[in-house]
Amino acid sequence: MTAAHVTLCFLLRDGEEGEHVLLGTKKTGFGRGKVVGVGGHVELGETASQAACREVMEEINVVVQAKDLIPAGTVDFVFPARPEWNMATTVFLTRRWEGEPSESEEIAPAWFPVAQLPVERMWADAEHWLPAMIAGQRIAVRVALAADNENVADVHTIDWVAPGS
């Protein structure tokens, strides 16, 4: 089965306690109730960067320009017990956007200190790659989930170079 092509975009800003990242509580659909990054499926005819910009607008009501996206890496999610959930994810970071993040039907956004990510409320894989990407590592990650589709069975990471770099 082919993995769905998805994208994630993490907004970053400096805060009083250091760097902060915008995450959101998922209100509907896959991952409901979890704290997640902003993103979603890449539509037919879209690039990953175009999808990231569209998803940010749809989910948190801010405008991100493709030129302001920082390619951070890829994460391939493998669900052996539910292969139809497999995802090939392109991850972006950005420090520039227009507007103030606000709640949508899908996401309730909130800022979190990077040093204190709410990992207990996130997918179990996030702590294995998100802090590294925010810190500047450019990596390609393969996450195999356990049979319960929640816990991590295996994580494999290699260095990643953005296409066209």
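The values are calculated or read from the model by the stated rules, or taken from the named source; none is laboratory data. Quick caveat, the model's predicted, so the values are computed rather than measured. Counting neighbours? That spans all protein chains shown, and the Cβs are built from the backbone with ideal geometry, glycine included. Side chains included, ligands, DNA and RNA excluded: accessible areas come from the protein's heavy atoms. Shrake-Rupley method; radii C 1.70, N 1.55, O 1.52, S 1.80 Å.
Looking across the stretch 138-165, the residues that are polar (S, T, N, Q) and on the phi < 0 side of the Ramachandran plot come down to ASN151, THR157, SER165. Applying a threshold of 9 Å to beta carbon distances and a minimum spacing of six or more residues, or different chains, the list of pairs starting in the stretch 81-95 at a residue that is under 25 Å from ILE134 (Cα atoms) and ending at one that is open to solvent by 30 Å² or more (accessible area, probe 1.4 Å) and of a type in the set (Lys, Arg) reads ARG95/ARG13. Note on the stretch 136-147: residues that are open to solvent by 80 Å² or more (accessible area, probe 1.4 Å) and either touching a helix residue (DSSP H, G or I) at 6+ places or on another chain (Cβ under 9 Å) or modelled with pLDDT under 95 (or both) total 2. For the stretch 19-41, the set of residues classified as out of contact with any Lys or Arg (no Cβ under 9 Å at 6 or more places or on another chain) and open to solvent by 30 Å² or more (accessible area, probe 1.4 Å) consists of LYS27, THR28, GLY29, PHE30, HIS41, listed by residue number. Tell me whether the stretch 153-161 contains one or more residues that are surrounded by fewer than 16 Cβ atoms within 10 Å (Cβ to Cβ) and under 26 Å from VAL62 (Cα atoms). No: zero hits.
Restricting attention to the stretch 125-135, does a residue exist that is open to solvent by less than 20 Å² (accessible area, probe 1.4 Å), in contact with a helix residue (DSSP H, G or I) (Cβ under 9 Å, 6 or more places away or on another chain) and assigned to a strand (DSSP E or B)? No: zero hits.
Here the condition is being among the acidic types (Asp, Glu) and farther than 21 Å from HIS5 by Cα; of GLU59, GLU55, GLU43, GLU103, it holds for GLU103 alone.
Inspect the stretch 52-73 for any residue being in a strand (DSSP E or B) and surrounded by 21 or more Cβ atoms within 10 Å (Cβ to Cβ) and give the result as yes or no.
Yes, that holds for at least one residue.
Checking each residue in the stretch 86-121 for being open to solvent by 30 Å² or more (accessible area, probe 1.4 Å) and either at positive phi or part of a loop (DSSP other than H, G, I, E, B) (or both) picks out ARG95, ARG96, TRP97, GLY99, GLU100, SER102, GLU103, GLU105, GLU106.
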